[in-house]
Amino acid sequence: MKVTLNWLRQYVDFNWTPEELTERLTMLGLEVEGVQKLGGEFEGVVVAQVITRDKHPNADKLSVCRVNDGQGERQIVCGAQNFQAGDKVPLILPGATLPPKPGDKEPFVIKVGKIRGVESHGMMCSGEELGIDPESIGLKKEDGLLILGPDAVVGRPLAAHLGRGGSDVVYDLEVTPNRPDLNSLLGIAREIAAITGNAVRVPSDTLPAGDTDASSLVGVELEAADLCPRYVARVLRGVRVGPSPDWLRSALEKVGMRSINNVVDVTNYVMLETGQPLHAFDFRLIARGDRAVPTLRVRRALEGEKFVTLDGREHTLSAEALLIADPEKAIALGGVMGGQNTEVSAQTQDILLEAAYFTPTGIRRTSKKLGLRTDASYRFERGADPLGAEAASRRAAHLILELAGGTLASGSVEVHPTPPVPRQITLRHQKVNDLLGLRLAPAEVELFLGQLGLRPASRSAGGSSEPASFTIPSYRVDLKREADLIEEVARLYGVDKIPSTAPRQGRGTHPFDERYDQIMAARRLLAGLGLNETQGQTLIAHASAGGLPAATTLSLSNPLSSDMDVLRPSLLPGLLDVLRHNLRRQNTDCALFEIGRVFRSEQGVVREGWRVAIALTGARAPGFWAGSERDARFDIQDLKGLVEEFLEHFGLRGYGMRARAESESGALYIESGTVTLGGGKLLLGELGQVHPRLARDYDLRDPVFVAELDLDQLLARRNTARSFKALAAYPAIRRDIAMIVPESVTHEAVLQAVRQSKAAHLESVELFDVFRGGHVPAGQKSLAYALTYRAAERTLTDADVAGAHEKVVAQFRQSLGATLRE
Amino acid sequence: MATLIDELDPLKRAALDAFQAADALPALDQAKGQFLGPEGRFTGLMKRLGSLPKEERPAAGKAINAAKVEIETALTARREALELLAARPAHATDFTAPGRHRRLGRLHPLTQVTDDIVRAFRALGFAVADGPEIEDEHHCFDALNTPQDHPARDAQDTFYLGTPQRPLLRTHTSSVQIRVMSQQPPPVRIIVPGRVYRRDNADATHNPTFHQVEGLYVDRGVTVGDLKGTVEFVFRELMGTDTKIRFRPHYFSYTEPSFEIDFSNALVRKLGKDWLEIAGCGMVHPQVFENVGYDPEVWTGWAFGFGIERIAMIRYGISDIRLFYENDVRFLNQF
């Protein structure tokens, strides 16, 4: 909603600067989104009269004049020749600026100065200097000063003399959806009146007695009172449709509305003034049919009925839409836009002026369905004043008569079957103070509400702190219950004046609280392991990396684009997108993780789960200038080690990792493994190397390694309990075993063999070398293990260890087919 | 037996020369063996002491011992010198050159800001709560008093899923208010950070996914003053002690009275503004209490919410919200 400072002042007095008005409105809840100062044309230029004109003592072509500027006399030195004493001319005063002429860099500022030794206090102006074409204002074109007509009033600002706008300030206000009454100048004026205590000046709506009764000229039949509870029609005959006067045109243009003609402009002006949308029909274009007088039917549209609105668009309507119709045709889309067939034009002589109340829901549906939003529909769908139609109709008729002449049929034709009963709301004073944390006296509360036009309807006899009931003005459609009145008190008291109280102590609980810490712990661990945290898009492309499982992936019914049409079922496609983004920007080394939610559908049930995902590509370590490792790239063991380190520190025990058959790996991986618990029964996650074909699609050059774990499972299985184990007091003995085994023998199989050997005092088994090639036959590999033996209560002897170690060696030979390398 | 004593001095001199000549520890060990080892020349000399006449032995023994001490002292000194030499780096270190780094990752700026917010609220006894991102109309709109035909419910503004019950992606974390109040009795003191979704095309200030934080406090006798006090505390914690807070009346369907919160500090003034809008809040609407089965005559409360990206953008001077979701490592490494 746009309003201007000058326009507002017509309805209420306030002595604030434009900046103070911004502040006041903002603190009332009318956020000022924009302020535009209109400089006003011809600032500092007044109508002046030349009293005397004498020759300049030092210059032939100059004259020295005494000039009356309305306040007093000034001495002006002038170079023009076309004037004489008595002429009225524009005078620009010192301090004001002339508009820059083409080619000028800066506007020309008028100063008091000496011209050839004689002081000049201003400058008399030519049309050219002011940027005025004399003929456009009905004056003769001539060299020299702009000579104004003899009727010009000395001292008047030139802008006012020419009927042009003075300076003004346009405010762009954000009206919250609960306050449709503020979509009007009067509504805003009421707010200002409430805090200043000044009265609102209701604009004149006096109407002359008419020659004919309106009801003898037109009839109204209300067939859809649910959509249009009230309809008021007035008839004006013999109007002269023409351009609007400057004040009207300028008022509309300042707030961004186009001037059309005097009649239409009045309907718009009164809408802005009162918040009540109005419509003017060309009365002669309304068909009479077989009735005695033209009769408007307010009816629902027929299913599929076509209608052409003022803007020339044809709409196909449904029965939800409301039409104003004559016996032959629809003439307006009620509350939204009038019809082309009855538009007011230059030829229009008689007018039917409509003022009605349309219910919000109906207008909203129609407007949305047709994609047609107008200033009228906007106001009706938010809620117009159910009782505002008559006053606005009178005001508009008053202005049309004033601006377009004509005669008004007396009275109006009004259909208003069930006028609303004024709403009353009970307010307990105690509740006001309890909620706001204030100690207002009941009288203060009543004062605030009274300033907003809420009158006490009942008051308990003695009673200060007893509940009081207030009658709500019809335009305050937002006030429905006690809390709403308390808000009004807070606004008028001043929200900024409500004292803050120190936060109270207490302890909230929620099951997620602990989980939040656990998730943060996971994040910190992963960051500590050298990974940067990412936050990916929840919405990803259905055609994402490796293909998403169609049956369980959740799609949007109204996606913005095919890039974001499903909810991520995994964090990995998003991480690959992030890698691509980085590689395209030459960030070739990435070690990333994300913790976030994924979504899937299980037999039609929507499931959300937390996951953690890791992606590695590029250089293993930050750049360094020496050493054989400096060019090392990430490999699968980096990923595996990261996952292991993370799981161990996060408190997950007893998990296993296994290779996954290529057939189960899916399109994402060239090689992958699983992380499981319970001997493979519970899947915790997966990890592997991204398939080069996919990596190429994503412009990823170095091998890419990714892992994804089910964070919900990790949180459920996590065990962070720790208990101290006494430090070993006796020395350990280490024995190494190097053996050649078939390629298929896994580390897990070796550990299994160690367990089977039941070797005594064996403390740990550590793989320290894997070797292929050389003397190792093809299809085999050499494994080297360090076995550490230790007893808790004594120092082991070589003999103790020899026996145990022999068992291990024997078991390796037996179950692994190992050849021991001595 | 003048010969033994006569030999002593040249032998000692030879030993001292040999130690001095050793240029590394192995050479020194070799030299030590030559003189002091079991077959060493000095050891040999000592062995011959027994063959001396009895009366000459004390003097000879004394002389030999003195020589031995001298040799061993020289040996120790030479060893220390050579050890030091061996330990000294081959080249002097250029302390201006970068050392060998390990990679240390960083938390995403949104995570850091969220955690700061959580920390501030937890200092006041708030618990972190959470709820589903895929919501239903009841929790996201109806129970929050959103009018039936409010535009927020439009498919134009809100993402809906294609499944039959037409679930939606929550448009605000306020849906969690309803879930929590429906599940636990008052008093309630929660903070809800989380992702929310609006159907806006991505640009410098919009991303279809973004983060909000919601605070909810319900108790007996909660006032607007409490709301103001808490908001002021939290924003000073977050944005610095010079932060000023302003409340303006506003409208939200689930609070009454409702306010918008502006803040001002040096950062805001640097942007050439007096105030920057930062959050919305209000006293929980009695209708909302009724919707979750709380008695509004007994319980009052406040709720407030704000965008985490907005806080992060102001705090770090980030002008494009998309940077948070692109995850460029040059961006991530700055926080």
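Structure notes:
- The set of residues from region A:370-390 being more than 14 Å from every other protein chain (Cβ to nearest Cβ), touching a strand residue (DSSP E or B) at 6+ places or on another chain (Cβ under 8 Å) and assigned to a helix (DSSP H, G or I) comprises A:Leu370, A:Ala376, A:Ala389, A:Glu390.
- Sole residue being free of Cβ contacts under 8 Å to residues at least 60 places away in the same chain and either within 28 Å of B:Thr111 (Cβ to Cβ) or within 8 Å of chain A (Cβ to nearest Cβ) (or both), chosen from B:Asp226, B:Asp200: B:Asp200
- Lone unmet requirement of (1) part of a loop (DSSP other than H, G, I, E, B); (2) under 31 Å from the mean Cα position of the chain (by Cα) for A:Gly530: (2)
- Long-range neighbours under 9 Å by Cβ, at least six apart or interchain, first residue free of Cβ contacts under 8 Å to residues at least 60 places away in the same chain within region B:251-272, second polar (S, T, N, Q) and in a strand (DSSP E or B): B:Tyr251/B:Ser258; B:Phe252/B:Ser258
- The strands (runs of 3 or more DSSP E) found entirely in region A:253-369 that carry 2 or more residues being surrounded by fewer than 24 Cβ atoms within 10 Å (Cβ to Cβ), among the basic types (Lys, Arg) and touching a strand residue (DSSP E or B) at 6+ places or on another chain (Cβ under 7 Å) are A:295-300.
- Region A:91-131, residues that are in contact with a helix residue (DSSP H, G or I) (Cβ under 6 Å, 6 or more places away or on another chain) and modelled with pLDDT under 85: A:Leu98
- Every residue from region A:574-601 that is among the hydrophobic types (A, V, I, L, M, F, W, C) and either in contact with a His (Cβ under 9 Å, 6 or more places away or on another chain) or within 8 Å of chain B (Cβ to nearest Cβ) (or both): A:Val578, A:Cys590, A:Ala591, A:Leu592, A:Phe593, A:Phe599
- Residue in region A:391-405 that is outside the structural domain of A:Gln349 (by TED's automatic domain parsing), surrounded by 16 or more Cβ atoms within 10 Å (Cβ to Cβ), assigned to a helix (DSSP H, G or I) and in contact (Cβ under 8 Å) with a residue 24 or more places away in the chain present: no
- Of all residues in region A:15-54 being part of a strand (DSSP E or B) and under 17 Å from A:Ala189 (Cα atoms), the one that is farthest from the other protein chains (Cβ to nearest Cβ): A:Val32
- Sole residue being more than 20 Å from A:Pro549 (Cβ to Cβ) and away from chain B (no Cβ under 14 Å), chosen from A:Gly654, A:Gly623, A:Gly666: A:Gly654
- The residue that is farthest from the other protein chains (Cβ to nearest Cβ), counting only those in region B:148-182 that are more than 19 Å from B:Cys281 (Cα to Cα) and of a type in the set (Lys, Arg), is B:Arg153.
- Counting only residues that are modelled with pLDDT under 95 and either more than 10 Å from every other protein chain (Cβ to nearest Cβ) or touching a Cys at 6+ places or on another chain (Cβ under 7 Å) (or both), region A:602-617 holds 2 of them.
- Scan of region B:108-131 for residues that are crowded, with 19+ Cβ neighbours inside 10 Å and either facing chain A (nearest Cβ under 8 Å) or closer than 30 Å to B:Leu25 by Cα (or both), ordered by number: B:His108, B:Leu110, B:Thr111, B:Val118, B:Leu124, B:Phe126, B:Ala127, B:Val128, B:Ala129, B:Asp130
- Within region A:528-547, if we keep just the residues that are more than 21 Å from B:Arg330 (Cβ to Cβ), of a type in the set (A, V, I, L, M) and crowded, with 21+ Cβ neighbours inside 10 Å, the residue that is nearest to the other protein chains (Cβ to nearest Cβ) turns out to be A:Leu539.
- Residues of region B:184-193 classified as surrounded by fewer than 23 Cβ atoms within 10 Å (Cβ to Cβ) and either at the interface with chain A (Cβ under 9 Å from one of its Cβ atoms) or under 31 Å from the mean Cα position of the chain (by Cα) (or both), total: 2
Yes/no matrix, rows are residues, columns are (1) in the same structural domain as B:Ile314 (by TED's automatic domain parsing); (2) acidic (Asp, Glu); (3) touching a strand residue (DSSP E or B) at 6+ places or on another chain (Cβ under 8 Å):
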site	(1), (2), (3)
B:Thr171	yes, no, yes
B:Gln177	yes, no, yes
B:Met181	yes, no, yes
B:Asp200	yes, yes, yes
B:Phe210	yes, no, yes
B:Tyr217	yes, no, yes
B:Ser253	yes, no, no
B:Ala266	yes, no, no
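- Note on region B:124-159: residues that are in contact (Cβ under 8 Å) with a residue 60 or more places away in the chain and either outside any helix (DSSP H, G or I) or at positive phi (or both) amount to 13.
- Restricting attention to region A:758-787, the residues that are surrounded by fewer than 16 Cβ atoms within 10 Å (Cβ to Cβ) and either over 19 Å from A:Arg821 (Cβ atoms) or of a type in the set (Phe, Trp, Tyr) (or both) total 6.
- On the stretch given as region B:38-50, residues that are without any contact (Cβ under 8 Å) to a residue 40 or more places away in the chain and either under 60 Å from the mean Cα position of the chain (by Cα) or assigned to a helix (DSSP H, G or I) (or both) total 7.
- One residue from B:Leu84, B:Leu75 being away from chain A (no Cβ under 11 Å), more than 30 Å from B:Phe335 (Cα to Cα) and touching a helix residue (DSSP H, G or I) at 6+ places or on another chain (Cβ under 6 Å): B:Leu75
- Whichever residue in region B:160-183 is touching a helix residue (DSSP H, G or I) at 6+ places or on another chain (Cβ under 9 Å) and part of a loop (DSSP other than H, G, I, E, B) and, among such residues, is farthest from B:Gln212 (Cα to Cα): B:Arg166
- Note on region B:227-280: residues that are crowded, with 23+ Cβ neighbours inside 10 Å, more than 21 Å from A:Leu30 (Cβ to Cβ) and among the polar types (S, T, N, Q) total 1.
- Some residue of region A:379-390 being more than 36 Å from the chain's Cα centre (by Cα) and on the phi > 0 side of the Ramachandran plot: no
- Counted as qualifying within region A:78-186 are the strands (runs of 3 or more DSSP E) with 2 or more residues that are surrounded by 14 or more Cβ atoms within 10 Å (Cβ to Cβ), namely A:88-92, A:118-120, A:168-174.
- Checklist (1) in the same structural domain as A:Leu583 (by TED's automatic domain parsing); (2) more than 26 Å from A:Pro549 (Cα to Cα) applied to A:Lys725, failing item: (1)
- Taking helices (runs of 4 or more DSSP H) as the structural unit, those lying wholly within region B:253-317 and holding at least 1 residues that are at pLDDT below 95 and more than 10 Å from every other protein chain (Cβ to nearest Cβ) correspond to B:266-270, B:308-316.
The values are calculated or read from the model by the stated rules, or taken from the named source; none is laboratory data. In this text, all values refer to a predicted model and were calculated from it rather than measured experimentally. So basically every Cβ, Gly included, is an ideal-geometry build from the backbone, and we count neighbours across all protein chains shown.
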